[in-house]
Every structure is written in C-alpha cells, then in structure tokens.
Amino acid sequence: MRIISGKYKGHRLSPPKNLPVRPTTDMSKEALFNILNNHFTFAELSVLDLFAGTGNISFEFASRGSEPIVSVDADYGCVSFIKKTATEFDFNITALKSDVFSFLAKTKGNYDIVFADPPYGMEQKEFEKVVSLVFENELLAEEGMLIVEHSKHTKLEQLHHYSFQKNYGGSVFSFFEWETDEED
C-alpha cells in the first residue's frame, strides 16, 4: 500500500497483516483520485472516511492537503493503525472506533467528501442504508460528493442522489450528489 500523490507521494505504508480488511487497490485509488481531481481542490476538503480499514483513503486525502479528516471503523486494530500513522505523518485525521451505522445515526457534521468502503459481502440493504443516512442526516456539503466502493454484484444506481459510477476490475465506485436546481 502506498500514497500515490501529495506531500508523501510514493511513501509505502505497512499495516499489520491481521487486520480484517480489503484495501482499495493502488490502481483503483489512483483512478478515483483522478476523477476527484477534476471536481475538487483537495486542500479545501473536509473528509469523512467510513469503514476506513487501514486508512488508505484517509492518508491519500491527507497527503494532498485535505483536512480535517474523520476515519471511522469498528475494528480496534484498524483505528489504532490509523492513529499511529496519522501521528507519524502529522496528518489532521481523527480516527474513531465505532459501528458506522451508529456513528451515522448520531453524528453531526458537514463534509465535502464522504467515502464509504463497506465489506463487499455486506447485504444490499445495508449499502443502501449508508447512502440514505448520509443524505437524511445532511452530512454531505451542498457541493459535496458521496462515494461508495462496492463489488459489481451490488447495484446502487436506483438510489436517490445517484450521479454516476466507474468500474475498475471487480470494484465499482458509485458517486452520489445533492441535486442542483436547474430552475431559477
């Protein structure tokens, strides 16, 4: 796992082997950030990273100057690794050990980017619940974007706020945004 761009470009990270994760591949991550680069200035972004795992996505945003970043994962080992790495690189990342659904139901905040990488084996209705909670609780800024990483077997294009998706191998990124009023 490596940081692709920004202040720590090329730096390799070595999370513990026993973490229950499936990190986003470098190829998929690079493609994702190329898309985001066309929509955002990273230094101006606040980020919420759900099902953060190793913190791979959080570290990429932080290396590019995004802050603050909140990383949420239910696994103590993952949260511990994120905290340790954030301290080592002086990243403005707050790592929280929490069930993502409980966190989403209770949290207040407004983020430019919400990234969710749930376990691919999670049920369809739980993927849908992530999307609905982010929008119902208004966690996404007006010009913000929710990105959900999932397998090609999970279908999210029927959901409200769906914008587009990109496929990379067995992974899919589905993008969600607030609707813009075309009428004046």
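The values are calculated or read from the model by the stated rules, or taken from the named source; none is laboratory data. Just so you know, these numbers come straight off a predicted model, no measurement behind them. With ideal geometry, Cβ positions are generated from the backbone for all residues, glycine too; neighbour counts draw on all protein chains shown. When the accessible area is computed, the model is the full protein with side chains, heavy atoms only, and any ligands, DNA or RNA have been set aside. Shrake-Rupley method; radii C 1.70, N 1.55, O 1.52, S 1.80 Å.
Couple of notes before you dig in:
- Unique match (being in contact with a helix residue (DSSP H, G or I) (Cβ under 7 Å, 6 or more places away or on another chain) and at pLDDT 95 or above) among 103, 176, 135: 176
- Flag if residue 71 is of a type in the set (S, T, N, Q), at pLDDT 95 or above and over 24 Å from residue 168 (Cα atoms): no
- Any hit, the stretch 91-101, residues being at positive phi and in a loop (DSSP other than H, G, I, E, B): no
- For the condition within 25 Å of residue 172 (Cα to Cα) and either out of contact with any strand residue (DSSP E or B) (no Cβ under 8 Å at 6 or more places or on another chain) or not polar (S, T, N, Q) (or both), residue 44 does not qualify.
- Cβ-Cβ distances below 9 Å connect the following pairs, each with a first residue in the stretch 1-22 that is under 16 Å from residue 65 (Cβ atoms) and part of a loop (DSSP other than H, G, I, E, B), a second residue that is among the β-branched types (Val, Ile, Thr) and at pLDDT 85 or above, and a separation of six or more residues or different chains: 9/3; 11/3.
- The set of residues from the stretch 3-23 being in contact with a Phe, Trp or Tyr (Cβ under 9 Å, 6 or more places away or on another chain) and of a type outside the set (A, V, I, L, M) comprises 5, 6, 7, 8, 11, 15, 16, 22.
- Checking each residue in the stretch 128-174 for being over 24 Å from residue 102 (Cβ atoms) and in contact (Cβ under 8 Å) with a residue 40 or more places away in the chain picks out 166, 168, 169, 171, 173.
- Residue 66, sole failed condition from (1) open to solvent by less than 50 Å² (accessible area, probe 1.4 Å); (2) farther than 25 Å from residue 140 by Cα: (2)
- Scan the stretch 40-50 for residues that are surrounded by 23 or more Cβ atoms within 10 Å (Cβ to Cβ) and farther than 18 Å from residue 30 by Cβ and the total you get is 2.
- Matching entry among 91, 101 (being more than 19 Å from residue 31 (Cβ to Cβ) and either among the polar types (S, T, N, Q) or surrounded by fewer than 16 Cβ atoms within 10 Å (Cβ to Cβ) (or both)): 101
- Condition broken by residue 58, with the remaining ones in (1) in a strand (DSSP E or B); (2) open to solvent by less than 20 Å² (accessible area, probe 1.4 Å) satisfied: (1)
Per-residue answers, yes or no, for (1) hydrophobic (A, V, I, L, M, F, W, C); (2) modelled with pLDDT of 95 or more; (3) in contact with a His (Cβ under 6 Å, 6 or more places away or on another chain):
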| residue | (1), (2), (3) |
| --- | --- |
| 2 | no, no, no |
| 9 | no, no, no |
| 20 | no, no, no |
| 27 | yes, no, no |
| 39 | no, no, no |
| 43 | yes, no, no |
| 48 | yes, yes, no |
| 55 | no, no, no |
